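A.B. asks: Could you have a look at this structure, given as C-alpha cells, before my questions?
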C-alpha cells in the first residue's frame, strides 16, 4: 500500500482521556480510532493486524478439528433463562435492548447457551461426537470501567471454541490438544516467551481451568510464576494444597503482573444438563454431552502485543502479525515523485509487491525526519530506505525496527528475506 | 470437508414460523440457523458462502481504490444528534441500550455519522482527497416485521463504502466507477441476468440515486423495467417527467417484483456540512467535502440467490459462491468405509483437495437415496458419484445440479474442471 493513499495520519498525542499505553500508541500510529471509552474502530493498519491474528488462530483451530460458524450478537433471552444467566444480578455486563414489540433481547457476551441450544438439533448419537465448533465473532460486554485501552473493551472480536465430547476421557484428550494449540498461537504472535499456562479454579466439574497469562506491568491480574517449570498459578489457587498437588515450591514463585490473553475451561455437563443435551451411546443409553470452552479476545491480544513490544519511539511488531513486512521509504530528490529516487522507489515497490512481499511504501513528499519518526511509530519490522545516496552506492539501507541494526544490502537481497 | 464431520444435518422441514422460501431452504440444508425472527446464525456451509460473497465484494471495492476498515456497532449518540438522526421519530429502526453509568448508546444501522466525524481527523487539504472507505461490518436494524427470511433481518453483514471527494466532477466520476463495480459484483455472484440498475429518488443533492434490483416474486419492491434498455425505475420516480428525461417510453415498461440487493447514493454535503468536514483547496480556500454512500447487504444477497437459484429439490448455487465446487458421493459397498469404494473415495477426495479443488465428501454410511436427496438440497454445482459400478467401468459419474446432465468421465477430467 502506498502511504499517500493510507488516509490515516500519525498523531503526536493520543486523546487526553486515553490513559493506556497500548491504545495511546495504536491511536497515534493510526491503527485504531477511539469512538468512546472502551469502544475502538479498526483503521486499515489495525484491521490488517487483526486479520493476521485471526488467520493464525483459524489455522490452529482448524488443525485440532475445529469447524467454524458464526452465531449472532442479538440474543433471545429464553436460552439464558434456562441456564440462569439472563439475570443481571448473576451476569453484570449484559447490554440489553428490546424489539419493537417489547420483547427483551440481549447482546451476546459469550455463546454457551445459544450454541448448546442449537446443538440439540444436531447431536443425537455417539456417531455425532466429538464436535468442536468455533467462531470469530463480536462480543459485547457492558464493562463498568474501561481504562485499559483495547485490553478491556465493550465490543471486541473473540475466538470462542466449544467442544462437545461423549466422555471425560475424550474431553481431556481434546483439552490437552486445545492447550497446545493455544501455546502455538501465543508463540506465533510473538508472546511465547512471556506467556504462562496459569492454573486457575475450575468450577464444579474440573479442579482447574487454565489461563494464558502474558507478563506485563500493564496487566490487571497477579500471577505467581515458577520460571523453571514455565507454569504459574493465579491468586485463586495460590495455596499450599494446590502448590503441593502441582509439585511447586512456594519459594520458587515470583509474583508478576499479567494480562489474561486466553483461557480454557472444562464445562462438564453444566450446560448439557441445563439444556438436556444428550446423545445415545452404542448401547442405546442416553448420556449427557461433556463440554469445554476455549476463548481468546483478539483486541486484547493486539493490545498486549502493543504493550510489550514497543519502545519510546513506537510499536515494534513481530513479523507474523505486522501489517506489512517492509516499510519502504523513498527520500525523494528535488524532482519529487517524478525524480530519480521517486521512479526507482516506485519500481522497487512494484517488484516487491509482485513477489508477494507486503510493503507499505512511503511515497509522500515530506521531510525525511517525519518519515523516519512515522516509521518508528508504525513499527513495521524492516525499514528500507532508498535515496540519492543509496542509489549512488547501488544498495538500499535497511534498519531492523527491533534491534536498530542498520545494513547496506543489494535490492535483490530483499526478495529472499 | 468430510460430510461425516460437518455437524449440521439436513432437515425435512423448516421451523413452522419460517414462511420465506430462502430461509426455509437455507435452514433445511444446514446453511443457517434461526435464532429468532429476523436473526439467523451462519452454520459452516452458510459461512463459506458468505465468505465467497465477501471476497468478491472486497476485490471489486479494492479495484476502485477502496480502503477497508471496521467501525464499531456501539454508537455514541453525539454524532447522531449532530445530524438529527438520533431521534426515534426520524429513524424508526434503532436498537438502543445504555452503559452502566446510564449513557444512552445505539447499535449502528449505518455509519455516515461516525465516519464523517472520524474523517475530520484525517482530511485537511485537497491532497487528502479523494478517499474511499469501506467495511464489511455487522449492522443492527430493529425491523418491526421480519418475514422475508434472510432478506430482511435485524442483524446482518453489510458492505458499506463511503466516498469523500473534493468536487462534484470527481464525485460523479467515482460514482460511475462504483456503479460498474456493483454491476460486476452482481454478475459474479450469478445475478447479472436479472438485476437491473434502477433509478430512484436522489434526495436534495442529486436528482437520482440508483438501486440494484433483482427480479423475483419474493421481492418486496415494485419496479418498472425497460427490457431493451436493461434499466428500470422504481415507484418513486415512475412519472412522465422522469421517463422523458431518461428517454424511456411508458409502454416499454413492465412491472416486476424485485429485491433491492444494493444501492448507491450521492450524499452531497449533507454530512460534511453537518460535521463541518472541509478541506483546504490549492488556493487556500476551505470547501465542504462531497460524499457518497454505497451499500450491499450480504445476507440479503445470499437470500436472493437462494430464492432465484433453487428448484423443488433444493438450492442450486452458482459456481462462484457455492460452498464447495464438487460434492463427491461414495456409494459404499458392504465393507463400508474400509471397503473398495470407501478407500477409492477417500483417495479421490484427497487428490482433489490437494489440487486446490473444494470438495464436500459424503463419506457417511447412509443409503444412496438419502445422499442424493441431501446433495440436491445442499446444491453444490457438480455431484460426482463413485460406486462399485463406476469403479468397474473405470469412470466416475457426474451430475450437473443445474441442468441435470449426467456424464461418465475419467477421474482425471475432474482435475481440470
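The values are calculated or read from the model by the stated rules, or taken from the named source; none is laboratory data. Only a predicted model underlies this, so the values are computations on that prediction, with no experimental measurement involved. Cβ coordinates were reconstructed from backbone atoms using ideal geometry, including for glycine residues, and neighbour counts include every protein chain displayed.
A.B. asks: If you take the residues in the range B:84-117 that are outside any loop (DSSP other than H, G, I, E, B) and free of Cβ contacts under 8 Å to residues at least 40 places away in the same chain, which one is nearest to the other protein chains (Cβ to nearest Cβ)?
C.D. replies: Restricting attention to the range B:84-117, the residues satisfying the condition of being outside any loop (DSSP other than H, G, I, E, B) are B:95-98, B:104-107, B:112-117.
Subsequent filtering for residues that are free of Cβ contacts under 8 Å to residues at least 40 places away in the same chain retains B:96-98, B:104-107.
Working: B:96: 6, B:97: 5, B:98: 8, B:104: 11, B:105: 8, B:106: 9, B:107: 7 Å.
By that ranking, first place goes to B:97.
A.B. asks: If you check A:373, A:344, which single one turns out to be farther than 29 Å from residue A:22 by Cβ and assigned to a helix (DSSP H, G or I)? Before you say what the answer is, go through the steps one by one.
C.D. replies: Details: A:373 fails: farther than 29 Å from residue A:22 by Cβ.
The match here is A:344.
A.B. asks: Any idea which residue in the range A:344-363 is nearest to residue A:385 (Cα to Cα), counting only those that are surrounded by fewer than 13 Cβ atoms within 10 Å (Cβ to Cβ) and out of contact with any helix residue (DSSP H, G or I) (no Cβ under 7 Å at 6 or more places or on another chain)? Break it down into steps so the answer makes sense when it comes.
C.D. replies: Going residue by residue through the range A:344-363, those that are surrounded by fewer than 13 Cβ atoms within 10 Å (Cβ to Cβ) are A:347, A:350, A:354-356.
Narrowing the set further to residues that are out of contact with any helix residue (DSSP H, G or I) (no Cβ under 7 Å at 6 or more places or on another chain) leaves A:347, A:350, A:354, A:356.
Numbers: A:347: 14, A:350: 15, A:354: 19, A:356: 19 Å.
Checking each candidate, the answer is A:347.
A.B. asks: Filtering the range A:237-246 down to residues that are touching a residue at least 12 places away in the same chain (Cβ under 8 Å) and under 20 Å from residue A:195 (Cα atoms), which residue is surrounded by the fewest Cβ atoms within 10 Å (Cβ to Cβ)?
C.D. replies: A:246
A.B. asks: Still on this structure, I have one more. Does the range A:1-37 hold any residues that are within 12 Å of chain B (Cβ to nearest Cβ), more than 21 Å from residue B:123 (Cβ to Cβ) and not in a strand (DSSP E or B), and which are they?
C.D. replies: A:37
A.B. asks: Can you tell me which of (1) in contact with a helix residue (DSSP H, G or I) (Cβ under 6 Å, 6 or more places away or on another chain); (2) within 21 Å of residue B:293 (Cα to Cα) is the one residue B:129 doesn't meet?
C.D. replies: Single failed check for residue B:129: (1).
A.B. asks: Something else: Scan the range B:1-20 for residues that are in contact with a helix residue (DSSP H, G or I) (Cβ under 6 Å, 6 or more places away or on another chain) and under 23 Å from residue B:143 (Cα atoms) and jot them down.
C.D. replies: B:14, B:18, B:20
A.B. asks: Mind listing just one residue for me: the one in the range B:63-83 that is loosely packed, with under 14 Cβ neighbours inside 10 Å and without any contact (Cβ under 8 Å) to a residue 40 or more places away in the chain and, of those, nearest to residue B:143 (Cα to Cα)?
C.D. replies: The extreme case among them is B:81.
A.B. asks: Could I ask something else about it? Please tell me if residue A:139 is within 25 Å of residue B:146 (Cα to Cα), more than 10 Å from chain B (Cβ to nearest Cβ) and within 20 Å of the chain's Cα centre (by Cα).
C.D. replies: Answer is yes for this residue.
A.B. asks: Got a sec? Which of B:280, B:264 is touching a residue at least 12 places away in the same chain (Cβ under 8 Å), in the same structural domain as residue B:86 (by TED's automatic domain parsing) and crowded, with 21+ Cβ neighbours inside 10 Å? Steps first, answer last, please.
C.D. replies: Values: B:280 fails: crowded, with 21+ Cβ neighbours inside 10 Å.
When all the criteria are applied, what remains is B:264.
A.B. asks: If you go through the range B:192-207 one residue at a time, do you hit one that is facing chain A (nearest Cβ under 9 Å), modelled with pLDDT under 95 and in a loop (DSSP other than H, G, I, E, B)?
C.D. replies: no
A.B. asks: What number of residues within the range B:118-128 are more than 9 Å from every other protein chain (Cβ to nearest Cβ) and touching a strand residue (DSSP E or B) at 6+ places or on another chain (Cβ under 8 Å)? Quick ask: steps written out before the conclusion?
C.D. replies: From the range B:118-128, those more than 9 Å from every other protein chain (Cβ to nearest Cβ) are B:120, B:125-126; that's our starting set.
Within this subset, residues satisfying the condition of being touching a strand residue (DSSP E or B) at 6+ places or on another chain (Cβ under 8 Å) are B:125-126.
Here the count works out to 2.
A.B. asks: Regarding residue B:211, is this residue under 16 Å from the mean Cα position of the chain (by Cα) and surrounded by fewer than 17 Cβ atoms within 10 Å (Cβ to Cβ)?
C.D. replies: Details: under 16 Å from the mean Cα position of the chain (by Cα): yes; surrounded by fewer than 17 Cβ atoms within 10 Å (Cβ to Cβ): no.
It is false that residue B:211 is under 16 Å from the mean Cα position of the chain (by Cα) and surrounded by fewer than 17 Cβ atoms within 10 Å (Cβ to Cβ).
A.B. asks: What residue, among those in the range B:64-80 that are touching a helix residue (DSSP H, G or I) at 6+ places or on another chain (Cβ under 7 Å) and more than 8 Å from chain A (Cβ to nearest Cβ), is nearest to residue B:317 (Cα to Cα)? Break it down stepwise before answering.
C.D. replies: Initially, the range B:64-80 is screened for residues touching a helix residue (DSSP H, G or I) at 6+ places or on another chain (Cβ under 7 Å), giving B:64, B:67-71, B:75, B:79-80.
Okay, now just the ones that are also more than 8 Å from chain A (Cβ to nearest Cβ), so B:64, B:79-80.
Working: B:64: 27, B:79: 41, B:80: 40 Å.
By that ranking, first place goes to B:64.
A.B. asks: Here are B:65, B:84, B:106, B:102: which of them is on the phi > 0 side of the Ramachandran plot, assigned by TED's automatic domain parsing to the domain that holds residue B:177 and touching a strand residue (DSSP E or B) at 6+ places or on another chain (Cβ under 6 Å)? If you could, list the steps in order and put the result at the bottom.
C.D. replies: Values: B:84 fails: touching a strand residue (DSSP E or B) at 6+ places or on another chain (Cβ under 6 Å); B:106 fails: on the phi > 0 side of the Ramachandran plot; B:102 fails: touching a strand residue (DSSP E or B) at 6+ places or on another chain (Cβ under 6 Å).
Just a single option satisfies the conditions, and that option is B:65.
A.B. asks: With the condition kept exactly as written, say whether any residue in the range B:157-165 is farther than 26 Å from residue B:127 by Cα, surrounded by fewer than 17 Cβ atoms within 10 Å (Cβ to Cβ) and within 16 Å of the chain's Cα centre (by Cα).
C.D. replies: Initially, the range B:157-165 is screened for residues farther than 26 Å from residue B:127 by Cα, giving B:157-159.
Imposing the further condition that a residue be surrounded by fewer than 17 Cβ atoms within 10 Å (Cβ to Cβ) reduces the set to none.
Within the range B:157-165, not a single residue is farther than 26 Å from residue B:127 by Cα, surrounded by fewer than 17 Cβ atoms within 10 Å (Cβ to Cβ) and within 16 Å of the chain's Cα centre (by Cα).
A.B. asks: Quick one: in the range A:145-156, which of the residues that are within 13 Å of chain B (Cβ to nearest Cβ) and in contact (Cβ under 8 Å) with a residue 40 or more places away in the chain is farthest from the chain's Cα centre (by Cα)? Break it down stepwise before answering.
C.D. replies: So the first thing to find is which residues in the range A:145-156 are within 13 Å of chain B (Cβ to nearest Cβ), and the list is A:145-146, A:150, A:153-156.
This time we only want the ones that are in contact (Cβ under 8 Å) with a residue 40 or more places away in the chain, so: A:146, A:150, A:153-156.
Numbers: A:146: 18, A:150: 10, A:153: 13, A:154: 15, A:155: 14, A:156: 10 Å.
Checked the range A:145-156; the qualifying residue farthest from the chain's Cα centre (by Cα) is A:146.
A.B. asks: Just to be sure before I move on: is residue A:48 within 10 Å of chain B (Cβ to nearest Cβ), touching a residue at least 12 places away in the same chain (Cβ under 8 Å) and in a helix (DSSP H, G or I) in the structure I sent? Full working, then the answer.
C.D. replies: On the way: within 10 Å of chain B (Cβ to nearest Cβ): yes; touching a residue at least 12 places away in the same chain (Cβ under 8 Å): yes; in a helix (DSSP H, G or I): yes.
Spelling it out, residue A:48 is indeed within 10 Å of chain B (Cβ to nearest Cβ), touching a residue at least 12 places away in the same chain (Cβ under 8 Å) and in a helix (DSSP H, G or I).
A.B. asks: Filter the range A:246-269 down to the residues that are in a helix (DSSP H, G or I) and touching a helix residue (DSSP H, G or I) at 6+ places or on another chain (Cβ under 8 Å) and list them by number. Lay out the reasoning, then the answer.
C.D. replies: Here is the first cut: in the range A:246-269, the ones in a helix (DSSP H, G or I) are A:246, A:250-252.
Of everything in the range A:246-269, just one residue is in a helix (DSSP H, G or I) and touching a helix residue (DSSP H, G or I) at 6+ places or on another chain (Cβ under 8 Å), namely A:250.
A.B. asks: Does residue B:72 fit the bill of being assigned to a loop (DSSP other than H, G, I, E, B) and at negative phi?
C.D. replies: Numbers: assigned to a loop (DSSP other than H, G, I, E, B): yes; at negative phi: yes.
Yes; evaluated as a whole, the condition is true for this residue.
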